[in-house]
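Q: Please find one structure pasted underneath; my questions will follow.
Read the figures in this text as sums done on the coordinates, not as results from a lab. Because the structure is a prediction, the values reported are computed rather than measured. Quick reminder, even Gly has a Cβ in these numbers, built from the backbone with ideal geometry, and neighbours come from all protein chains shown.
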Amino acid sequence: MPLTAQTPFQTAALRQWLQQETLALAPECAGVFGRQGLFIGCEQGFGLTLSSPMLGRRFGLHMAAPGQLAGDVHCAATELPFADESFRLIVLQHAFEWMDDAAALRSELVRVLEPGGILMVSGFARFGPWRPWLAWRLQNFGGLRCASAGSWRRALAQDGVDTYAQRRVGQLRADSLALGLPSALRPSWLLLARKRSQTALTWVRPVSLKPRGVRARLASGAQRASA
């Protein structure tokens with residue numbers, strides 16, 4: 001059975017939550033120019049919700065079962081069937097939270113991301129006043145593994161991908177009740193990161209353009225004029 005039929009995002013409240021994340025991702029995705037983009041979500045059709053007019057080609061994947069991806073290709077989440085450095089943009093939304101080995105997926109994403117490419121990741125914050133509400137919503141869904149934004153930021157930095165923006169997104173809505181939360185307490189986090197360039201800088205010794213002074217000399221046999 002596809003994971004999309006089992007996820008808590010089928011509920012109206014959490015679907016609104018995903019929509020708020022999509023709104024935060026949309027302007028970032030629209031500004032990325034490159035050959036290809038990879039979109040991995042926990043629900044089918046995730047990539048279609050984000051506009052990326054400056055990408056030549058798009059691949060959309062979703063979690064079909066824990067550790068298995070389906071969509072434009074079918075593969076294990078830890079063995080992506082793409083060449084090294086083949087994507088300018090990669091967006092990962094919550095799919096890693098249904099995996100036993102999220103670190104292996106993260107390594108694969110770094111591998112297929114081209115130097116200078118952009119990686120966007122969103123996930124649930126591990127702590128906050130909204131957690132009891134989320135636990136109630138997820139009581140029939142096991143296996144959700146939340147990770148902090150900080151743990152992802154540090155792991156990505158070790159793999160050569162540097163975070164240049166981090167923010168909290170989403171407002172908590174419990175049925176008809178909307179709970180306004182300050183930014184630090186919002187339920188989802190979003191990381192924007194860029195892979196470092198592999199090109200080594202070559203240092204060249206600067207050349208002085210100041211002309212050297214020339215010492216004047218008398219020609220052989222010449223005599224100075226005397227007063």
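Q: I'd like to compare 51-64, 74-87: which one has the highest average count of other Cβ atoms within 10 Å, and what's the full order after that?
A: 51-64, 74-87
Q: Same structure again: Stretch residue 35-residue 166 to full length: gain in nm at 0.36 nm per residue minus the Cα-Cα span?
A: 44.6 nm
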